[in-house]
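Inspection log for the structure reproduced underneath, given as structure tokens.
Each reported figure results from applying straightforward, stated rules to the coordinates on display, with no laboratory input. Worth saying up front: this structure is predicted, and the values here are computed from it rather than measured. Note that we place each Cβ from the backbone using ideal geometry, even for glycine, and neighbour counts take in every protein chain shown.
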Amino acid sequence: MIILILIIVIIVLGIRYFQIANHTLNEEEFKKEVHKAVVSHRRHSRIIYCDYCGGRINTEKDRVCPACGASYGRDAENAGPDQDLLARQASDYVENKKAELYRNTADIRKKIKICLIVLIAVLAAVIAGTIVLRQVAEVHPSAGTEPSVLNESEWEDYQPYSSIEGNGVLLATDDVTVTLTALYEDKENPGNYKGEFHIQNDSGGDIRFGADCLGINGFLPDTTYSVGYDWYPKGETVIYERLASAYAYEMAGIEDIHSLQFGGVRLYDSSYLPVYDSTLPVTVYTTEPEQARVSLPEGEVLFEGYGIKILREKSEIPYEGGPLTHTVWLENTSDVDMVVRVREYMGEKTQTVYSLDGRILPRGCVMYSTFSPYYDYPAEDPSVMTREMKVTFTFESDEDPSAGFTTDFIDFR
């Protein structure tokens with residue numbers, strides 16, 4: 001923006017400079033114009049008095065005496081100006097005007113010079129900064145490019161748990177491939193797992209990869225776990241990422257991991273330009289035996305249609321002074337993957353229900369989530385924390401946009 005402003009200022013000053021310069025180059029014409037102006041000023045600005053009747057005559061407007069009609073052409077007061085004096089005055093006037101114009105042009109030249117210096121300095125800083133950032137990005141890769149360690153802390157004891165069935169590919173482009181190759185379980189804390197990911201980067205520079213572990217065996221808990229989200233250099237990088245907590249597995253009654261659901265897969269090049277960005281989920285299967293699909297608990301069915309079921313398990317205040325919290329389950333039995341958008345309506349105002357909004361619900365999966373009425377913390381009026389909620393759920397599908405829909409208002413009391 002500052003560069004554009006400087007260029008516009010320079011252009012305006014340049015136009016003004018050439019206008020003044022062109023006006024002063026033709027000195028003879030300039031002198032004639034000034035001489036004419038001086039004579040006109042001297043002649044038309046005088047008031048004389050009639051030699052016959054003494055009446056007041058304005059020589060700029062009156063051709064004869066307005067009182068008696070006599071001509072004042074030979075009037076002594078109206079005699080032509082002294083030519084030598086007029087010439088000196090015209091000459092002085094010309095020189096003064098020229099000096100003023102030269103001062104103006106010199107001032108404009110100075111401003112243009114300052115603007116050019118600032119413009120060059122800004123451009124040089126931008127170019128230098130771009131070069132330095134590129135060199136730093138190439139020479140000093142991020143911490144994510146350092147060798148990853150399976151057991152990072154002394155209290156961890158991750159051991160091989162299961163291998164992957166098939167290729168375990170999460171992402172495959174012309175230059176980058178990301179695969180999940182093995183699972184490890186913490187023997188000291190059973191139910192905590194890490195995955196071994198191989199990032200093969202055959203592009204021309206560092207790449208940034210990221211994804212989310214949505215859930216396991218078709219069950220999507222309230223919290224997802226991030227995978228990657230760092231810069232990786234050319235060649236192969238191996239990273240070990242945590243996949244979920246034991247609490248999530250205990251909730252679903254899961255004993256063995258048969259499949260893992262991933263989503264939000266993203267890839268950026270060294271210039272931060274998106275190479276791949278998808279909400280389509282990816283399921284990776286292990287060699288463990290398949291378990292029974294997680295089923296919905298008992299509760300109130302709030303919506304059912306288009307292959308989607310929304311069930312409220314309970315509504316409660318989990319701790320004293322806390323907000324009213326609703327526990328819901330969503331099930332997708334349709335033949336397409338969905339992205340969920342949730343909005344709370346409060347009169348003329350709407351608010352995103354962040355715990356659910358934007359989450360990916362693959363086909364054949366069950367999602368668990370909790371949310372509360374929106375309120376500014378701390379709540380000045382405690383009643384807002386337990387008020388009735390009106391919520392709409394919107395389901396979108398990248399595979400088949402026609403499969404998307406929005407529910408009516410669903411009341412949470």
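A few comments on the model shown:
- Inter-label distance for ARG242 and GLU396, nm, one decimal - labels placed 7 Å from Cα along Cα-to-Cβ: 3.1
- Using C-alpha pairs under 8 Å with a sequence gap of at least 6, the mean separation divided by the residue count of region 161-273 gives a relative contact order of 28 percent.
- For VAL275, the residues whose modelled amide H falls within less than 5 Å of its own, excluding neighbours fewer than 5 places apart on the same chain, are LEU267, TYR268, ASP269.
- Inter-centroid distance (Cα atoms) of region 324-378 relative to region 169-198, Å: 28
- When only the Cβ of Lys, Arg, Asp and Glu is charged (+1, +1, -1, -1), the dipole of region 212-301 relative to its Cα centre reaches about 320 debye.
- For LYS314, the amide hydrogen comes within under 5 Å of the amide hydrogens of THR327, counting only partners 5 or more places away or on other chains and with H modelled in the peptide plane.
- Entries in LYS187/LYS314; LYS187/LYS309; LYS194/LYS234 that, when Cα-Cα distance is taken, lie over 28 Å: LYS187/LYS314; LYS187/LYS309
- Phi angles of region 408-413 translate, via the Karplus equation with coefficients 6.51, -1.76, 1.60 and θ = phi - 60°, into HN-Hα couplings of 6, 4, 10, 8, 10, 9 Hz per residue; Gly and Pro are given as x.
- For region 144-243, size of Cβ-based charge dipole, Lys and Arg +1, Asp and Glu -1, in debye: 200
- Relative contact order, percent, region 291-409 [alpha-carbon distance under 8 Å, six or more residues apart]: 23
- Long-range HN-HN contacts of TYR229 with modeled amide H, under 5 Å: PHE209, GLY210, ALA211
- Gain on full stretching of the segment that runs from GLN351 to LYS187 - 0.36 nm per residue minus C-alpha separation: 54.7 nm
- Cα centre as origin, Lys/Arg/Asp/Glu Cβ charges: region 262-387 dipole, Debye: 220
- Three-way shape call for region 153-286 based on the alpha-carbon gyration tensor, with the a/c threshold at 1.5: prolate
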